[in-house]
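Enquirer: Quick one: the structure is below, and I'll ask about it shortly.
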Amino acid sequence: MNQSPIGILGGTFDPIHNGHLRLAMELASELRLAQVRLIPNGRPPHRDQPIATPGQRSKWIRVATASEPRLRLDDRELMRKGHSYTIDTLASLRAELPDTPLCLIMGRDVFAHLPSWQAWKQLFDYAHIVLIERPGMSADYAPEATQALEKRRIDDVQALHDSLGGHIYNYAPPPLAISASRIRELLAADESPRYLLPAAILDDIMDAKVYRP
Ligand code: ATP
């Protein structure tokens, strides 16, 4: 008998914002997840390196999730040297949680490029993928990503509980058009991103002048 699934939300979290946090909450409830782990990546292989330090990004996740038991920081990628590959993260989670279905959460913008990831086909040996509609982000899928979607797609949440990995589930959360890039742009232009992210985190960003040019 499997444990209840956990969600894995990886990202740069540069900084964490209400789009991430609401998404995690909606998923916890919609998919009946025991918890959602927010996993900041150390050196993402596919994008610009984050501006905030690993210490700042993980502290903000800890602060933002402190009063919500279903959300928690998992900083294993920051502890590893070199690039953060999702396949390594899933393998280490699987070793710790042998009977727990893992649901790897990703926006469509991220899924579109999945075939460029290290060992991407093996991701399904460890986890399901939960594919998220994201407002304002459209992306053409690589053909292999479309094929994986056709082959693995399921529409019943229970299937995510009944096996440890291998399926793709599509989910359209209530849309929140918030992104970390927009928050960084506002701060760089000396404008306020207040209410797009938790107040305590914005205060900390302002004190440390993190995203000022
Ligand atoms: P940036 O703007 O710097 O690219 P981001 O806001 O997209 O950052 P990430 O840390 O890269 O944040 O995102 C982590 C994951 O959360 C990705 O899978 C992304 O698609 C998803 N995500 C981020 N913001 C939202 C949102 N507002 N709605 C739905 N999914 C989101």
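Where a number appears in this text, it was derived from the coordinates with a stated rule and is not lab data. The structure presented is a predicted model; accordingly, all values stated were derived computationally and were not measured. No Cβ is skipped: glycine too gets one built from the backbone with ideal geometry, and neighbour counts run over all protein chains shown.
Enquirer: With a 10 Å cut-off between alpha carbons and a GNM built on the chain, which of MET106, MET25, MET79 moves the most?
Expert: MET79
Enquirer: Kindly state, to the nearest 0.05, the FRET efficiency for ALA208 paired with ALA139, given R0 = 25 Å and r defined as their beta-carbon distance. Please list the in-between numbers first.
Expert: Values: r = 33 Å, r/R0 = 1.32.
Once rounded, the FRET efficiency stands at 0.15.
Enquirer: Name the longest site-free stretch of the chain, where the excluded sites are trypsin sites (Lys or Arg not before Pro) in a DSSP loop with no more than 14 other beta-carbon atoms within 10 Å.
Expert: Looking at the chain, 82-193 is the longest stretch - no exposed trypsin sites (Lys or Arg not before Pro) with at most 14 other Cβ atoms within 10 Å.
Enquirer: Listing ASP204, ASP190 from the residue with the fewest other Cβ atoms within 10 Å to the one with the most, what is the order?
Expert: Fewest-to-most ranking of ASP204, ASP190: ASP190, ASP204.
Enquirer: While we're looking at this one, here's another question. Among rounded, prolate and oblate, which fits region 43-142 when a ≥ b ≥ c are the square roots of the eigenvalues of its C-alpha gyration tensor, a/c under 1.5 means rounded, and a/b larger than b/c means prolate? Don't skip to the end; give the middle numbers.
Expert: On the way: a/c = 1.34, a/b = 1.15, b/c = 1.17.
Cα axes put region 43-142 in the rounded bin.
Enquirer: Okay, moving on. Could you work out the relative contact order of region 6-175, using alpha carbon pairs under 8 angstrom and six or more residues apart, expressed as a whole percent? Let's see the in-between values first.
Expert: Values: 280 pairs, mean separation 37.1, N = 170.
Relative contact order of region 6-175: 22 percent.
Enquirer: Relative to the longest principal axis of the chain, what angle (0 to 90°, nearest 10) does the C-alpha long axis of helix 18-30 take?
Expert: 30 degrees
Enquirer: Which residues does a label at MET79 reach in region 100-128, if reach means a backbone N under 20 Å from a point 7 Å past the Cα toward the Cβ?
Expert: It comes to 100, 102-103, nothing else.
Enquirer: 5 Å is the cut-off here: which amide hydrogens, built 1.01 Å from N in the peptide plane, fall below it relative to GLY11, excluding neighbours closer than 5 in sequence?
Expert: ILE39, ASN41
Enquirer: Then there's this: In nm, to one decimal, how far is the modelled label at ALA34 from the one at LEU97, with both set 7 Å along Cα→Cβ?
Expert: Each label point lies 7 Å from its Cα, and together they span 0.7 nm.
Enquirer: What lysines does LYS209 reach when the alpha-carbon gap must be under 29 Å and sequence neighbours fewer than 8 apart in one chain are set aside?
Expert: Of all the lysines, those that pass the test against LYS209 - Cα under 29 Å, at least 8 places apart if same chain - are LYS59, LYS81.
Enquirer: If we count other beta carbons within 10 Å of each Cβ, what is the order of ILE168, ILE8, ILE51, fewest first? Write down the numbers at each step before the final one.
Expert: Values: ILE168 19, ILE8 25, ILE51 16.
With the fewest neighbours first, ILE168, ILE8, ILE51 line up as ILE51, ILE168, ILE8.
Enquirer: With each pseudo-label sitting 7 Å past Cα toward Cβ, what's the GLN3-SER181 distance in nm, one decimal?
Expert: Once both label points are built, they end up 3.6 nm from each other.
Enquirer: GluC sites (Glu not before Pro) within region 81-159: which are DSSP loop residues with at most 14 other Cβ atoms inside 10 Å?
Expert: Details: sites: GLU96, GLU133, GLU144, GLU150; in loops: GLU133.
When the GluC sites (Glu not before Pro) of region 81-159 are filtered for loop state and at most 14 Cβ neighbours within 10 Å, GLU133 remain.
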